[in-house]
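Novice: Here you go, one structure.
The values are calculated or read from the model by the stated rules, or taken from the named source; none is laboratory data. Being a predicted model, the structure only gives us computed values, none of them experimental. Note: ideal-geometry Cβ built from the backbone for every residue, glycine included; neighbour counts use all protein chains shown. The area values use the complete protein model at the heavy-atom level, side chains included, leaving out ligands, DNA and RNA. Shrake-Rupley method; radii C 1.70, N 1.55, O 1.52, S 1.80 Å.
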Amino acid sequence: MNAGVAEVTARITQRSRGTRAAYLARVAAATDKGPARGKLACANLAHGFAASEEPVRAGLRSGRKPNVAIVSAYNDMLSAHQPFRDVPEVLKKSILHAGGLAQFAGGVPAMCDGITQGRAGMELSLFSRDLIAMSTAIALSHDMFDAAMMLGVCDKIVPGMLIGALSFGHLPTVFVPAGPMTSGLPNGEKARVRQLYAEGKVGREELLEAESASYHSKGTCTFYGTANSNQMLMEVMGLHLPDATFANPGTPLRAALDRAAGERAVAITAAGGEPTPVGHLVDEKAIVNACVALLATGGSTNHTMHLVAIAAAAGISLTWDDLSDLSAAVPLLTRIYPNGSADINHFVAAGGTPFLVHTLLKHGYLHDDVLTVSGRGLWRHTAEARLDVGSVAWEEGPKRSLDLTVLRPADDPFAPDGGLRMLSGRLGRAVVKTSAVAPEHRVVTAPAAVFDDQADFLAAFAEGRLDGRDLVAVIRYQGPAANGMPELHKLMPALGVLQDRGQRVAIVTDGRMSGASGKVAAAIHVTPEAALGGPLARVRDGDLVTVDAELGTLDLDVPDGEFDQREMTGRAPHDVEWAGTGRELFSGFRAIVGTAENGASVIRPLPAPQEEIPVAQHA
C-alpha cells in the first residue's frame, strides 16, 4: 500500500475501534439464521403477503426462500431516475429465476438540485439526504426481508439510501445504477452560453436551447458532479456489479446488468451461500477506497460531508483531516468536466472505471482485500462488462488508457495530489476543489464583498457594482443551521465573468457549491458557520481575505483584538421567514443539524459503550 493511504487507514481504524465494534455487535444481534420473517407472528406475516400473487405468496408463506426488498427513488420528472420505472419488475423476474422472492418495499423522495438551483426548494436539498435515510429504514423495517436492492442515482439520494441501509447492516444490499444519458451539447459550450447570458449578451431562448441540448434524454447528467461521483464511489466500495456504473440506460447491456444484479442479490443471502451483509462490506478499508476514488477523479465536494455521514452510519469516524491527508497522497487521474472538457461517456471510452481501479490498485492506492457484492477482492472491478447472448459476461479490462487527455495511469497523473483540499485559518475550516481551478487562480488575496443572500450578490453583479475590482465574495448565513445549506452554483457564471475580465476573484461561504463548480477558487462548507457565531459573521466589506488553495489557508488581515471585539452582523432567517415551499416542515432539522465537518446530519452517531452518554436536558 501507498504509505499515506496505509497511515490514514490505520488511524481511522484505531479511532473507530469502539464505535465500529458496537455497530458490528448490533449487526450480529439482528442477523437471523433463517429468513427474517420466520419470527413474525401469523397475523404479522399474513399482512406481509396479503397482496402478493403466486408464486411469491406461497414462497413467503413457506418461509423457505430469501425475500429481497426493492427500494426505489423512481420518479418520471428526473432524467436520472426515470429509467428506474420498469426496473423493479425486471428485478423481480431475475430474482425469481435465481430462486428468491422480491417485493417492492418502498419509495424514497428524490429531488433535483439542477431544477432547484437558486430557488427556495434548494434549501431542502441537503436535509433530504437524512429524510431519504429515514424513508429507506421505514421500507426495510418490516422484518420481511433477507436482502435489499437500492435504486438511486443522484446527489443526496444515494448517500441517504446507503445510510438507511447501514441501519440494517445485517442485510446484503446491492445498489443498482441507471447510467448516464448519452453525450449532448458539450459541457464547456453550455458553460460558455451561461456566461454570455449572465453578461446579457444572449437571451433566455438561446440559453434554454443550450441547456436543452445538454440535458436531453434519460439518464444522469454527463458532467462529473455529485450524481456521477455517487456512482463512482458505490462501485469502488463494491456495492455495484463490476463496470455496471456508467452503462447508458435503454441499452441491452444496461438491461442485462439489471438482471444480473437481481440474481446476485439472491446469491449473497445466507440461503444463497455467500452471505455478504452490507454492514461488513462497508468497513474502514471500503471507506478509504471511496475517499481515494473521489480524490483521484476530482469528484464532488458534497462528498466531504456525505462520506463522513456514511462512515458514521457504519460506526466509522472519518474526518476532514483524513481527507486532506489522503488528498496529499493520491494523484489526480481524470479530466472530466468541470475538471476538463470530456464528459462521463468519454471517460468510459478511455477505459473507465475498470482501468481506474486497475491503476490505483497496481500502485497501492486502493485496498484490494475488501468484500464486494461480487465476492472478495476489489480486483473484480478491473473487469469490463460485455453483452454475451443477452447476458453479461466480464472480461479482462484495459491495462492502459485509450485517451490520456481524459484518463491517466497513477504513475503519470495530471497532478501529484487529489482534486480536493482542506483550508484552515482565522475564518474557520473549509473545503476547496482545486482540480478545475487553473494554478494562477488558486491563490487570491482581495477585499471582502460581504453578502447575506446569493440574490444580493447577483443584484450587485447585474448593477455593475462588482466591476473592475478584485474581490473575495463572502456569502454567509448559508450553512446547515442557517437555511439548510443550499448549493450556490448559480453564482458561478457571474464569478466566471469577473475572472475572465481579469479581476482576481474568489468566493468564501458556509454554503455549498455544486459538484459541477470549479473554475473560480471557492472556499466552501466554512465551519463554524455564521449562524452559529462563526468568524464569517464578523467579516466586513473591505477586510482583506486570503484564499490560498496551495498552502491550504483561509485567512483575514485584521488585527486579532479588533476582529474579536467586533459585533456580529447579519443573521439567518427566522423560522417565520424560512417558510414556503415546504421549508417550514423542516424547521426542526435546522435546530439539531450537525456541522458540515461532521457530515451536516440530523442523525446522531451512536457512541461506543464505554463513552459517556449525555443526559437529555428538558426545558
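Novice: Place +1 on the Cβ of every Lys and Arg and -1 on the Cβ of every Asp and Glu in the chain, take the dipole about the Cα centre, and give the residue among Val474, Thr31, Pro338 whose Cα lies farthest towards its positive end.
Specialist: In the chain, that residue is Thr31.
Novice: How long is the range 240-359 along each principal axis, judged by its Cα atoms, biggest number first, in Å?
Specialist: Extents along the principal axes: 43, 37, 24 Å.
Novice: Can you tell me the orientation of helix 226-236 relative to the chain, as the angle in degrees between its alpha-carbon axis and the longest Cα principal axis, to the nearest 10?
Specialist: Approximately 50 degrees, to the nearest ten.
Novice: I need the fraction of alpha carbon pairs in the range 223-305 separated by more than 19 Å, rounded to a whole percent.
Specialist: Everything past 19 Å amounts to 46 percent.
Novice: To the nearest 10 square angstrom, what accessible area does Asp564 show with a 1.4 Å probe?
Specialist: Here the accessible area works out near 100 Å².
Novice: What do you get for trypsin sites (Lys or Arg not before Pro) in the range 383-432 restricted to DSSP loop and a cutoff of at most 14 other Cβ within 10 Å of the site's Cβ?
Specialist: When the trypsin sites (Lys or Arg not before Pro) of the range 383-432 are filtered for loop state and at most 14 Cβ neighbours within 10 Å, Lys399, Arg400 remain.
Novice: What is the magnitude of the charge dipole of the range 398-471 about its Cα centre, with +1 placed on the Cβ of each Lys and Arg, -1 on the Cβ of each Asp and Glu, and no other charges, expressed in debye to the nearest 20?
Specialist: In debye, rounded to 20, the range 398-471 gives about 400.
Novice: Another question, if that's okay. Enter the per residue convex hull volume of the range 445-563, computed from alpha-carbon coordinates, in Å³ rounded to the nearest integer.
Specialist: 99 Å³
Novice: What do the square roots of 5 times the Cα gyration tensor eigenvalues come to for the chain, in whole Å, largest first, as semi-axes of the equivalent ellipsoid?
Specialist: Three semi-axes, in Å: 40, 27, 24.
Novice: Taking θ = phi - 60°, what integer Hz values does the Karplus form 6.51 cos²θ - 1.76 cosθ + 1.60 yield along the range 130-138, in sequence order, with x for Gly and Pro?
Specialist: 6, 5, 5, 4, 5, 5, 4, 4, 4
Novice: Dipole size in debye (nearest 20) for the chain around its Cα centre, Lys and Arg Cβ +1, Asp and Glu Cβ -1?
Specialist: So the magnitude is around 1460 debye.
Novice: Two decimals is fine: what's Rg over Rh for the range 83-206, C-alpha atoms, Kirkwood radius as Rh?
Specialist: 1.11
Novice: Stick to Cα atoms and the Kirkwood definition of Rh, then tell me Rg/Rh for the range 288-384.
Specialist: Rg divided by Rh gives 0.96.
Novice: Further question on the same structure: What does the helix-only formula give at 222 nm for the chain: each DSSP H stretch with n ≥ 4 adding -39500 (n - 2.57), the total divided by the residues, and the result rounded to the nearest 500 deg cm²/dmol?
Specialist: -10500 deg cm²/dmol
Novice: To continue, here is another question. Taking just the alpha-carbon atoms of the range 345-483, what radius of gyration and Dmax come out, in angstrom?
Specialist: Values for the range 345-483 (Cα only, Rg and Dmax): 22.3, 64 Å.
Novice: Still on this model: Quick one: Karplus J couplings for the range 174-191, per residue in order, coefficients 6.51, -1.76, 1.60, θ = phi - 60°, nearest Hz, x for Gly and Pro?
Specialist: So the Karplus estimates, Gly and Pro as x, are 10, 8, 10, x, 9, x, x, 5, 5, 5, x, 4, x, 4, x, 5, 4, 5 Hz.
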